[in-house]
1. Considering amide H positions built from the backbone, and no H for Pro or chain starts, which residues 5 or more places from residue 345, or on another chain, come under 5 Å of its amide H?
2. Calculate, for residue 207 and residue 5, the FRET efficiency according to 1/(1 + (r/R0)^6) with r their C-beta to C-beta distance and R0 25 Å; round to the nearest 0.05.
3. In square angstrom, rounded to the nearest 10, how much accessible surface does residue 11 have for a 1.4 Å probe?
4. What is the log10 of I(q)/I(0) for region 348-482, computed with the Debye formula using one identical point scatterer on each Cα and no solvent, at q = 0.16 Å⁻¹?
5. Scan around residue 144 for amide H atoms under 5 Å from its own, H built in the peptide plane at 1.01 Å from N, and keep only partners 5 or more places away or cross-chain.
6. Just read off the accessible area of residue 686 with the full protein assembly in place, 1.4 Å probe, to the nearest 10 Å².
7. Taking only Cα atoms of region 559-663, what ratio of Rg to Rh do you get with Rh as the Kirkwood inverse-distance radius?
8. If 563, 216, 254 are ordered by their accessible area, calculated over protein heavy atoms with a 1.4 Å probe, which sequence runs from highest to lowest?
Amino acid sequence: MRAPELVGRDDEVDELDRILFDARKGQGSAVFVLGEPGIGKTRLAAEAISHAYNAEMVVLRGRGSAMGPAVPFRPLTEALLAVGRGGPMPDDSELGPYRSVLGRLVPDWSTPGAGVADGSLIVLAEAVLRLTSVLGREHGCLLVLDDLQDADVETLAVVEYLSENVARQGTVLLATVRNEPGGALELARSVSRRPGGVGLELERLDLPDVRRLVASCLGVGTTDVPADTARQLWENSTGNPFAVEELLHSMVSSRLLRREGDGWRTDGDVRAEVPTTLARSIVARADRLGPRGRSLLSVAAVLGRRFPLSIVQRVSGVDDHTLLTNMRAGVTAQLLATDDGGPDWYRFQHPLTAEALLAELTPVDRADLSRRAADAVAAAHPGVPGEWCPLVARLRLDAGDDLAAARLYTEAGRRAMTEGAAGSAVVLLERAEQLVAATGDVRNRADVLEALLYALAEAGRFERAFELAKTLPSHAAGIEPARLATLHTRLAWVAQVSGRPADGMAQVAAARELIGPDAGDEATAQPDAVEAYLAMDSGAGRERLQEAETLARRAATAAERASMPGIACQAWFVVGNVARERDLAEASGYFERIRTLADRHELPIWRVYAVMGLAGIAWLDRTDGAAIQEAEREAWRTGAIMIAQNLAAILGMDSVLRGDFRTAADRIAESLVSARRMQLTPVVRYSLMTMATLAAHQGRRTEMEQHLA
């Protein structure tokens, strides 16, 4: 009882056709399809995909996570995997360093021998934007992200960036979003109000459209649908297309609506409350599969809206024949569909189906199924890699094992941090912190707090980090002093990043008090390095710079003795920056030292920083622009895109100072476009200052003053 044609959305289809036509001419758009569950958002997106295919556009499609907590970047990863299936992946000549950046989403795309030094979401978003531009250069590209309300915060950040920048290329971003409070809906509303943004809010169907929908489902003309049947379905469904189809299925199955001769007639009154009727219709259809089929569907619903057959089989203990027979029956009953995740994967045709089946389980039965499902996943996937980890965490929580769930959420949060998904890490770790707080397990809470502080810092959630800091004294009992000192040192770095030197110094002092005056190199190196940065950035004059250098030298020496190369590089970078003010040759020695350490210990980002420092000195000392160009190439090769943008802006200034004004104007214009799009504020400021200098060297006072302003 699914309608083969799209009904009641003629205006929306016309609007999407116009948008796709504009994209093929190089004018992109960001489109958000909004509405309640069952209103037809995914169906409309499928219509757009069909029209795009017919127009020879490249189509990429991904969905929000349907297996519990949002998995970082899942919709984008799923969408990009279609690139390899649909044809060759663009090579380095087309994407440059952005190909390696996309390796964060699809590891196979990483360029051999190149790192990905920049973990910035903006850089990743720029990489996705450039990929869609390359793919759609001939006929345009349609990127569809379904169920965006289930996406992680990193995906939402990438979507926002794409929404702001697709207008200049032939890309259409099409996202479907439930009209439920949350970050996705806020983003959709915000983008829809901007130029280039489109919001399509789907309304419920009126009576004539419901009659057309019923006719399509039954395969008859509109006049062949009994008027009273159409009205009853319209009233009971309140015009929701999914509800219409479900109620129609129930009427036909119960023979309240039946074929007689060449037509259909109704018998009886099917008025009822919509949620109750829908749930009963879905459950009744599941019951018709028999006890075994109903049981298998309950296991699947516990796993999520999409699920692997192998796990369902482990939980239920059925043989292959029984499993596949019941899954096929579920497909025939229009409860299930095969999933493009692979031959082992199925999904519920609609989220409301899984929700209705879960609602029928008693709390005891749901907890038992959740425990068995968690055990099955852990046995099938040792170490619960990838999206299995947050899924098992959710299952353990549903089973009532809060401590096990907290540990798994903590692990999932740490992994999200490693993947550069700080926002998702915060969400996962805050769940873990809430759970472990209730258990009274001091040691586990220390683990969670440490990880959460790192995630908050990376996500820019500084206020939340300092709120958390206030709770540390109440949780300190039972935590080893060294662990607590590490937490305070991390908070000091958060303060340094967020421009709060006084708070940073207070946290360093707390860390030093805990480690004591006789602590070894491993305990003192990091607090010294952090305090050195705080002193260097305080802007309090030469004495503070001298203090910064003293602290940094002490930190670097201790870090080298304790085999902590990353902290050693961090500390020597402070020394090099301070030394540059008095002696360029001396500063070069420190940057060379960083490069040696970075090469020895395979620290690509610190190698790039060292090369940048050396190139800057060569430029200042010998007007060596070639050194800057070589550093820029190194940054691009390594994937340190923000550093590369900085160096590109310096090359613009180099051209100004050489009197090559035409080259300078081109370089600065290109630098400004990229820097503004990627929100690299320091590079934007430097580029504007360079443009002011360019105007001044040509005697253009008014233009100079405009750029300075």
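The values are calculated or read from the model by the stated rules, or taken from the named source; none is laboratory data. Please read all numbers here as calculations on a predicted model, not as lab measurements. A quick note on method: Cβ atoms are made from the backbone with ideal geometry, for glycine too, and the neighbour counts reach across all protein chains shown. For accessibility, only protein heavy atoms count, side chains too; no ligands or nucleic acids. Shrake-Rupley method; radii C 1.70, N 1.55, O 1.52, S 1.80 Å.
1. It is 309, 339, by chain and number.
2. Numbers: r = 18 Å, r/R0 = 0.72.
Step by step, r from the Cβ atoms, then E = 0.90.
3. 120
4. Per q value, in the given order, log10 I(q)/I(0) is -0.87.
5. Distant-sequence amide H within range of residue 144: 60, 61, 62, 174.
6. Accessible area, nearest 10 Å²: 60 Å².
7. Details: Rg = 14.3 Å, Rh = 14.1 Å.
Dividing the radius of gyration by the Kirkwood radius yields 1.01.
8. Largest accessible area first, the list is 563, 254, 216.
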